[in-house]
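Notes follow the structure.
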Amino acid sequence: MDSATRPYRSVLYIPASKERALEKARDLPCDAIIFDLEDAVAPDAKADARATLARALQDGGYGNRAKLVRINALMTEWGLEDVRALKNAGADAILLPKVNTRSDVDNLADLLEPTMPIWVMMETPVSVFNARDIAAHGRVAGLVTGTNDLTKDLGSRMRTDRLPLMMALQSIVMAARAARIVAIDGVYNRFRDGDGLRVECEQGRDLGFDGKTLIHPAQIEGANRAFAPTSSEIDLARRQIAAHEASQASGEGVAVVDGTIVENLHVVAARRILAKAQVLAELEKA
């Protein structure tokens, strides 16, 4: 699938050390998978996890799901070996944690083929302050928000409205949009709380994120629903486009739908909604 049209509504973390989880992920309805060699794998299991993940990726079977491999930070004893083992194993991108500056991305880019995209964990106050510069790096294709680490470093409280994180969340979205790359929201830790997940997904969607990272398969349906266009949004988009085209054809210049003026910018947004809806409809048929 074209990376420009690929959806990222649901991005599920899978421990690279768990063969059963790697197998099950082949049939899960998530848009993307982060195969995690970092936080989800104990230090004494990292070498085996690396080999297990390499075999799973080479075996394939993950369909249209984007396959991202989160390696260990390059300054650790495992990072370089992760790169060597996984850079040609069939991943769609390498996800680099503990990034603070653009030079951290350079260090990984020097180890990869020029065609391999790099995604970046935005999980420190320094990374947020440098978000624009990091996102503008020519090899960076996506930003993944690490809200738990940000909360820890800020010394802030976990709040349902995420007010202490708002500056960071908006900075990450702004940087991604300026660079025209993907922005993914952080995880929702209470994986059995469907209502809480819905609220946080809707907040992330309204802020401009493309999707949400998830820690449990039970969260996939909620994220997919929240980050997909609704039937009312699709209907409005079609009517906005039709009204605008009719006004242009008649020479009136101004279109009105539901009592609201429709300008070019609304048409651009409407076309984006319909394009996303079409991609998702095609995925459901596949």
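Magnitude of the Cβ-charge dipole of the chain, K/R +1 and D/E -1, about the Cα centre, nearest 20 debye?
Roughly 140 debye, rounded to the nearest 20.
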Using DSSP to call loops (not H, G, I, E or B), can you name the trypsin sites (Lys or Arg not before Pro) in the stretch 143-187 whose Cβ has at most 13 other Cβ atoms within 10 angstrom?
Arg157, Arg159, Arg180
Given a 10 angstrom Cα cut-off, can you work out which residue in Ile181, Ile273, Ile261 is the most mobile in a GNM of the chain?
Ile261
Take the chain, connect every pair of alpha-carbon atoms lying under 10 Å apart with a spring to form a Gaussian network, then pick out the residue of Thr76, Thr160, Thr260 with the largest mean-square fluctuation.
Thr260
Post the alpha-carbon centroid distance, the stretch 9-49 to the stretch 222-285, in whole angstrom.
36
Surrounding charge for Val128, neighbours by C-beta under 12 angstrom, Lys/Arg +1, Asp/Glu -1, total -3
Would you calculate the separation in nanometres between label points at Glu221 and Asp133, each defined as 7 Å from the Cα along the Cα-to-beta-carbon direction?
4.6
Which whole-number percentage describes the relative contact order of the chain, with Cα contacts under 8 Å and a sequence gap of 6 or more?
15
As a quick test, which of the pairs Lys152/Lys276; Lys87/Lys152; Lys46/Lys87; Lys24/Lys67 have an alpha carbon distance above 23 angstrom in this structure?
Lys152/Lys276; Lys87/Lys152
Among the GluC sites (Glu not before Pro) in the stretch 204-286, which ones are in a DSSP loop with at most 15 other Cβ atoms within 10 Å of the Cβ? Mind listing them?
Glu252, Glu263
Using alpha carbon coordinates only, what is the Rg to Rh ratio of the stretch 226-286, with Rh defined as the Kirkwood radius?
1.06
Taking all protein chains as present, what is the carbon and sulfur share of the accessible area of the stretch 7-64, in % to the nearest whole number, probe 1.4 Å?
45
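Using 0.36 nm per residue, how much length does the chain from Leu265 to Asn189 gain when fully extended, once their Cα-Cα distance is taken away?
Working: separation 76, 0.36 × 76 = 27.36 nm, distance 3.63 nm.
Length difference between fully extended and current span is 23.7 nm.
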Between Ala45 and Arg198, 0.36 nm times their residue separation minus their Cα-Cα distance comes to what?
51.7 nm
Heavy-atom surface of the chain, accessible at 1.4 Å and reported per residue (Å²):
50
Stretchable slack from Gln58 to Ala73, in nm (0.36 nm times residue separation minus alpha-carbon distance):
3.1 nm
Cα-derived Rg to Rh of the chain, Kirkwood definition:
1.00
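The values are calculated or read from the model by the stated rules, or taken from the named source; none is laboratory data. Keep in mind it's a predicted model, so treat the numbers as computed, not measured. Glycine also receives a Cβ, built like all others from the backbone with ideal geometry; neighbour counts cover every protein chain displayed. Only protein heavy atoms, including side chains, enter the accessible area calculation; ligands, DNA and RNA are left aside. Shrake-Rupley method; radii C 1.70, N 1.55, O 1.52, S 1.80 Å.
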